[in-house]
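**Student:** Please see the structure below; I have some questions.
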Amino acid sequence: MNNLRALIIEDEADLAEIYTKALQREGFETETIKDGRKAIERLSTVSPNVILLDLHLPQVGGAAILQAIRSDERLKKTPVIVTTADERQAEELEHKADLVLLKPVSLNQLRELANRMANSTSDN
């Protein structure tokens, strides 16, 4: 499972740390970004195996980031796991994301799903 990269876009420090530890246990190299504008900038230069995306972010919201990912030829097939406590927004975006998880997220579930998604894209 070498060179699997996960980009965690989450502004809550405690959640970002928990997600980071969960994904690192599955062998992912992780990078965390806490600001929507910085996430857009970073996504112009990296191609992670999986993206974990919160919807409520400073500067640029998660829905706009998801739209940018799906519009980018390099990233449009990258698995995106959206995490949110907003059930209404989750329903609106479920057809654009690969998976929508309502917070609180089960960490075992997150690790397993991220691993499965990353491995399925690397097999193609």
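Read-outs throughout are calculated quantities, based only on the coordinates presented, and are distinct from any laboratory measurement. Bear in mind that the values here come from a model prediction, so they are computed numbers and not experimental data. Positions of Cβ are backbone-derived with ideal geometry, glycine not excepted, and every protein chain shown enters the neighbour counts.
**Student:** Tell me, what is the percent relative contact order of the chain, built from C-alpha pairs under 8 Å that lie six or more residues apart?
**Tutor:** 25
**Student:** Which order do 55, 93 fall in if you start with the one that has the fewest other Cβ atoms within 10 Å?
**Tutor:** Starting with the residue having the fewest Cβ neighbours, the order is 93, 55.
**Student:** Would you mind ranking 60, 80, 100 by Cβ crowding within 10 Å, fewest neighbours first?
**Tutor:** With the fewest neighbours first, 60, 80, 100 line up as 60, 100, 80.
**Student:** Something else: Can you give the charge dipole size of segment 4-123 about its Cα centre, rounded to the nearest 20 debye, using +1 on the beta carbon of Lys and Arg and -1 on the beta carbon of Asp and Glu?
**Tutor:** So the dipole magnitude of segment 4-123 works out to roughly 320 debye.
**Student:** Once amide H atoms are placed 1.01 Å from N in the peptide plane, what residues at a sequence separation of 5 or more from residue 101, or on another chain, have their amide H within under 5 Å of its amide H?
**Tutor:** Result for residue 101 returns 82, 83, 84.
**Student:** Using a basic spin-label model with each label point 7 Å from the Cα along Cα→Cβ, how many nm lie between residue 64 and residue 77?
**Tutor:** 2.9
**Student:** Once phi is turned into θ = phi - 60°, what whole-Hz ³J(HN,Hα) does the Karplus curve with 6.51, -1.76 and 1.60 give for every residue of segment 104-112, x standing for Gly and Pro?
**Tutor:** Computed from phi, the couplings for segment 104-112 are x, 8, 6, 5, 4, 4, 4, 4, 5 Hz.
**Student:** Next question. Using modelled backbone amide H atoms (1.01 Å from N, in-plane), which distant-in-sequence or interchain residues come within less than 5 Å of residue 52's amide H?
**Tutor:** Under 5 Å from the amide H of residue 52 lie the amide H atoms of 7, 8, 9, 81, each far enough along the sequence or on another chain.
**Student:** Can you sort 56, 95 by how many other beta carbons sit within 10 Å, fewest first?
**Tutor:** Exposure proxy ranking, most exposed first: 95, 56.
**Student:** Next question. Restricting to segment 1-67, compute how many DSSP beta bridges are antiparallel as a %, nearest 5.
**Tutor:** Within segment 1-67, antiparallel bridges account for around 0 percent of the total.
**Student:** Taking only the alpha-carbon positions of the chain and ignoring solvent, what does the Debye formula give for the base-10 log of I(q)/I(0) at q = 0.18 Å⁻¹?
**Tutor:** Results for the chain at q = 0.18 Å⁻¹ read -0.89.
**Student:** Label-point separation (nm) for residue 24 and residue 44, each offset 7 Å from Cα along Cα-to-Cβ?
**Tutor:** 2.9
**Student:** If you don't mind, another one. Between residue 37 and residue 94, take the C-beta separation as r, use R0 = 30 Å, and let me know the FRET efficiency to the nearest 0.05.
**Tutor:** Here the calculated transfer efficiency is 0.75.
**Student:** What list of ³J(HN,Hα) values in whole Hz, one per residue of segment 92-97 in order, does the Karplus curve 6.51 cos²θ - 1.76 cosθ + 1.60 (θ = phi - 60°) give from phi, with Gly and Pro shown as x?
**Tutor:** 5, 9, 4, 7, 9, 8
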